[in-house]
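A short worksheet on the structure shown next.
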Amino acid sequence: MARITAGVATSHVPLLGVAHDQKKDRDAYFGPIFAGYDWTREWERSEKPDVVILVYNDHASAFDMRIIPTFAIGCGERYAPADEGWGPRQVPDVIGHPDLAWHVAQSLILDEFDMTIINEMDVDHGLTVPLSMMFGDVAEWPVKVIPLAVNVVTYPPPSGNRCWALGEAIRTAVASYDEDLNVQIWGTGGMSHQLQGPRAGLINREWDNRFLDGLIGDGDALRHIPHIEYLRETGSEGIEMVMWLIMRGALGDRTQALHRHYHVPCSNTAIGHLVLRPDNGEGFDMTGSSAAELVAAR
């Protein structure tokens, strides 16, 4: 059967796409940010996932105030990079996995999640920047991608608890698919940041790192954080972190941390990145191990 073998969390700051595309990812400003992804790029080459379920939010590219789906799953065959005002990014089209996507959509809807099914859409930096961070400059993305868009732009966004529960339902859906597939789930967006108003530029290192801590191990307190706490402690855009909870819910009762990276600043936000493995019962933490060591331990 298909199986979710890992979860990846990362910010999807659009400036990182610009830095990557303009070959500035190793300069004095961006170098420390991108260096935190070098480990993951090596690891992904060893892992060779077949499919990534990529949880992200659209930024008025595919959706706008005319239609605001809370949860939308892409079941199409191909997604082109969106034009966000300065032309589409010159990165490969994203290739979907319609068979698994439709299976997941059916399972989620029968599990009483009211999913919006999307067969045609362009995808913006929320989805393409994470792919660039994990895979670098490639002629084609080495994985098929199922986009899962979450509304965290227009009030009301879904609760953290509902996002975590959606992750649990995704895990069940993937496990019931009868093809042998190595599936990863990525949660993107965040961390603390506010883009407007008198609190513009807000970054809360302490809160961000407590949140990262909470994704590791067997605790589930993060699913119960109320919206007002995200707003107060992490700024108006910090609510994007509920998308990380979909990833965490899909990994089961307990996780191991394989890699962790946190850096400020990047533009006017904090960069967070975490690689998690569903716990195999041995309870060890291999953070910082090489990709080869991790593959051997799997």
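The values are calculated or read from the model by the stated rules, or taken from the named source; none is laboratory data. None of these values were measured; they are calculated from a predicted model. Reconstructed Cβ throughout: ideal geometry from the backbone, glycine too, with neighbour counts over all protein chains shown. The area values use the complete protein model at the heavy-atom level, side chains included, leaving out ligands, DNA and RNA. Shrake-Rupley method; radii C 1.70, N 1.55, O 1.52, S 1.80 Å.
Stretched out fully, how many nm does the piece from ASP178 to GLU112 gain, at 0.36 nm a residue minus the Cα gap?
Values: separation 66, 0.36 × 66 = 23.76 nm, distance 2.18 nm.
Working it through step by step, the gained length comes to 21.6 nm.
Below 13 angstrom from the Cβ of HIS12, what's the summed charge of the other residues (Lys, Arg +1; Asp, Glu -1)? Spell out each step's value before the answer.
Details: positive: ARG89; negative: ASP58, GLU84, ASP124, GLU237, GLU240.
Its environment carries a net charge of -4.
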(request) Excluding residues fewer than 8 places away in the same chain, name every one of the lysines whose C-alpha is closer than 16 Å to that of LYS144. (result) LYS48
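Taking the mean number of other Cβ atoms within 10 Å as a proxy for protection, how do you rank 174-183, 22-31 from highest to lowest? If you can, show how the numbers build up before the last one.
Numbers: 174-183: 15.7, 22-31: 12.6.
Taking the mean over residues of other Cβ atoms within 10 Å, the ranking is 174-183, 22-31.
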(message) If each residue of separation counts as 0.36 nm, what is the full-extension length gain between GLU120 and ARG210 once their alpha-carbon separation is subtracted?
(response) 28.6 nm
(message) Pick from TRP43, TRP86, TRP164 the residue whose mean-square fluctuation is largest in a GNM of the chain, springs joining Cα atoms under 10 Å.
(response) TRP86
(message) Given bins 10 angstrom wide, list per bin the percent of all Cα-Cα distances in the chain, short to long.
(response) 6, 30, 40, 21, 2, 0
(request) With unit charges on the beta carbon (Lys/Arg positive, Asp/Glu negative), name the residue among PHE34, PRO92, MET1 whose Cα is farthest towards the positive pole of the charge dipole of the chain. (result) PHE34
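Using r as the Cβ-Cβ distance of ALA28 and VAL138, and R0 as 25 Å, what FRET efficiency do you calculate, to the nearest 0.05? Numbers along the way, then the final one.
Working: r = 25 Å, r/R0 = 1.01.
Efficiency at R0 = 25 Å is approximately 0.50.
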(request) Just name one of PRO156, ASN182, ALA139: the one whose Cα is farthest towards the positive end of the charge dipole of the stretch 90-190 (beta-carbon charges, Lys/Arg +1, Asp/Glu -1). (result) PRO156
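How many percent of the accessible area of the chain is carbon or sulfur, using a 1.4 Å probe?
Carbon and sulfur: 51 percent of the exposed surface of the chain.
Taking the Cα centre of the chain as the origin, how large is its charge dipole in debye, to the nearest 20, when only Lys and Arg (+1) and Asp and Glu (-1) carry charge on their Cβ atoms? Present the calculation step by step, with values, prior to reporting the outcome.
Working: 23 positive and 41 negative charges, 122 e Å.
Rounded to the nearest 20 debye, it is 580 debye.
Projected area of the stretch 48-119, taken from the Cα convex hull and averaged over every viewing direction, in nm²? Kindly include the intermediate steps, with their values, before the conclusion.
Numbers: hull surface 23.3 nm².
Taking a quarter of the hull surface, the average projection is 5.8 nm².
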(message) Test of understanding: in a Gaussian network model of the chain with alpha carbons linked when under 10 Å, which of ASP38, ASP208, ASP124 would top the mean-square fluctuation ranking?
(response) ASP38
